[in-house]
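> First the structure, then my questions, so here it is.
No value in this document is a laboratory result; all are computed from the given coordinates. Note that this is a predicted model, so its numbers are computed, not measured. Positions of Cβ are backbone-derived with ideal geometry, glycine not excepted, and every protein chain shown enters the neighbour counts.
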């Protein structure tokens, strides 16, 4: 029967009905009965099936208008959104029918030839991927980092609700005291009766606040169990002190300095250290004391948690539903939009995919694209990602997962929305060189921009062996994901030559390598290496008669390195250095430039031993072992 | 006016409720049948779309002028409408009023129909 064709229209209309599920079902049943009756009637009159469907549908008129009429009957308040949709919606519904028809059972009444479109649809083009689909990424859910009431899942939809009323009702729903900073809001010109609209469907409550406030320049923070609602600027000034225990991270090989770099690079900030204003960080043993805003505190907590995971790809601060949205973007759909308003096209896609898709209307307005901008696109059997690309790119728009939904926004906005992902690449990265090569490949083979290359944009950091942290846009992170999958696949087919460690003859070959480092470190290592790595195989260090291989290590001084360092660090490091060199720290004046003597260790040994040396050097670099035997990181040795 | 021309929506606006009530005067009907009856009664000139008809039916139901019941005898759920006592009273009252009104309008408009030359 024709019921399935009509479902789309019904689901579209049901979505727009602001009624209870029982009422909605009852209206749907009644309209379905009418549609079937009309369709059968037309078929009996000899109207071709396709035309009968279209005619029966057309007689229903605009789905949005009909929904609005029903809703108005039951409610006095009409939703503003409904009013925006024009007659175009019904053409959309009809277009949808053309597409879904291919999968329907044949017409029981009219046995016409199978339509051409049906044949095309029968073999949808799946976008070919040469690369196996990697495991889905994991994420640290920001809901686990907010107060319990804000993590409570809610379902709520409202429009034209005065801001104050919305805030009060929100407070009641999540049972949390709320303080609305009316004075601050009034200063930025937002009245308490500012009409707001929002919707959320069984997601953590804080996401609703983020969605509603994004367009108003508002923000929220929790202080002493009270939810404060204020301007974004005001929230950015409200610092609190929090402590983080990092013992386990230090045990994994992270140093305090590396963690500090990571935290400052991979979160939104601002940070005093790099921006000249903002949050501060002090490590006291295994505890980090941090002064930051509520939001950045949550980001930092997410980042530390992500570093603790062993996931191949872990978003450090990302609602888990975003992963579902990302994978849904790879699902195959078909569209047939002809001169329909963008908002209607989005509404149709919502209805077809079952996803929540929002329009950042304030941002769209800023870039001169109204919500009713007409769009046209005919694509069959393509991923949702491709459909969005062709639909939105021309308008300077794109779609990103944001606040638990897919958000259609400007490309500029998407480029400013950066996310941090921690990658465990220990399966493909075995040395510092490997890590650097991988970073180079990522920066060269993805669109960027990257700060290392372009001066602005995304950041990469390899804080310890086998871990890569990247902060980039949604688009580039997707490219990184594909690149890593391709690289892993290639490594499976053809392991790198250096990795053929199962070949003993290869690993026993002698090789001379040159290791550049600070002179102090080189001096220490020259003495310690023959004791720490393959003892008994080094010339001048009691070579055992049973071992044929003889290794050699010598040191050559090279040009010193100069570094300009911030004031307090200079004084500390310079003082330490002078004391080590047996000099009195006589000159109390802080030098601007630090001179660091450099040297090269020339080592001739087997490949297997070089590998061990590399490992040792990494551990020294990461602070697990210090050549001086003292505490503290070894940053800057290499 | 050509024979096939539909009635202007302005004409229908004030009388559609009444016509729906009158279609229900004899026996219970469901939406599609009501639509067909209206089309037939007007010789095809009056085409009330589903999008117009159902909100009217629901409003009449809300105003307790019609009542409804669900039946599933045809294999799918079908909603039948019938007049309530209040609906029947309303129909009678408004139909009488409408006759008087139509009479007035006819008298007023008669000269115009004869004066204005007919166009094809």
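> Which of rounded, prolate, oblate describes segment A:142-236, given a ≥ b ≥ c as roots of the alpha-carbon gyration tensor eigenvalues and a/c under 1.5 marking rounded, otherwise prolate only if a/b is larger than b/c? If you can, show how the numbers build up before the last one.
On the way: a/c = 1.69, a/b = 1.21, b/c = 1.39.
Oblate.
> Roughly how crowded by other chains is peptide B:98-107, in terms of the mean Cβ count from those chains within 10 Å of each of its Cβ atoms? Working shown, then result.
Details: counts 0, 0, 0, 0, 0, 0, 0, 0, 0, 0.
Average per residue, whole number: 0.
> Take the alpha-carbon centre of segment A:138-185, take the same for segment A:318-379, and report the distance between them in whole Å.
Centre-to-centre distance over Cα atoms comes out at 26 Å.
> May I pose another question? Just the Kirkwood number for chain B, please: inverse of mean 1/r across all distinct Cα pairs, in Å, one decimal.
Across chain B, the inverse of the average 1/r is 16.0 Å.
> Could you tell me how far the Cα centroid of segment A:192-216 sits from the Cα centroid of segment A:402-463, in Å?
Here the answer is 30 Å between Cα centres.
> Full extension from residue A:226 to residue A:324: what is 0.36 nm times the residue separation minus their Cα-Cα distance, to one decimal in nm? Don't skip to the answer; put the middle values down first.
Values: separation 98, 0.36 × 98 = 35.28 nm, distance 3.17 nm.
Roughly 32.1 nm would be gained on extension.
> What does the structure give for A:57-69 when I average, per residue, the other chain Cβ atoms found within 10 Å of the residue Cβ?
3
> Separate question: Points 7 angstrom from Cα along the Cβ direction at residue A:426 and residue B:10: gap in nanometres?
It works out to 8.1 nm between the two label points.
> Using the number of other C-beta atoms within 10 angstrom as an exposure proxy, rank B:70, A:271 with the fewest first.
B:70, A:271
> Per residue of A:33-45, count partner chain C-beta atoms within 10 Å of its C-beta, then hand back the mean as an integer.
Mean partner-chain Cβ count within 10 Å for A:33-45: 3.
> Working from Cα positions, state the angle (0 to 90°, nearest 10) between the long axis of helix B:50-62 and the longest principal axis of chain B.
With rounding to tens, the tilt is 60 degrees.
> How large is Rg over Rh for segment A:239-308, taking Rg from the Cα atoms and Rh as the Kirkwood inverse mean of 1/r across Cα pairs?
Computed over Cα atoms, the ratio is 0.92.
> Could you tell me how many degrees, from 0 to 90 and to the nearest 10, lie between the Cα long axis of helix B:85-115 and the main elongation axis, the longest principal axis, of the Cα atoms of chain B?
With rounding to tens, the tilt is 20 degrees.
> What is the Cα centroid distance between segment A:237-253 and segment B:15-52, reported in whole angstrom?
So the separation of the two Cα centres works out to 73 Å.
> If you project the alpha carbons of segment A:329-415 onto their three principal axes, what span does each projection cover, largest first, in Å?
Cα extents, longest axis first: 33, 28, 20 Å.
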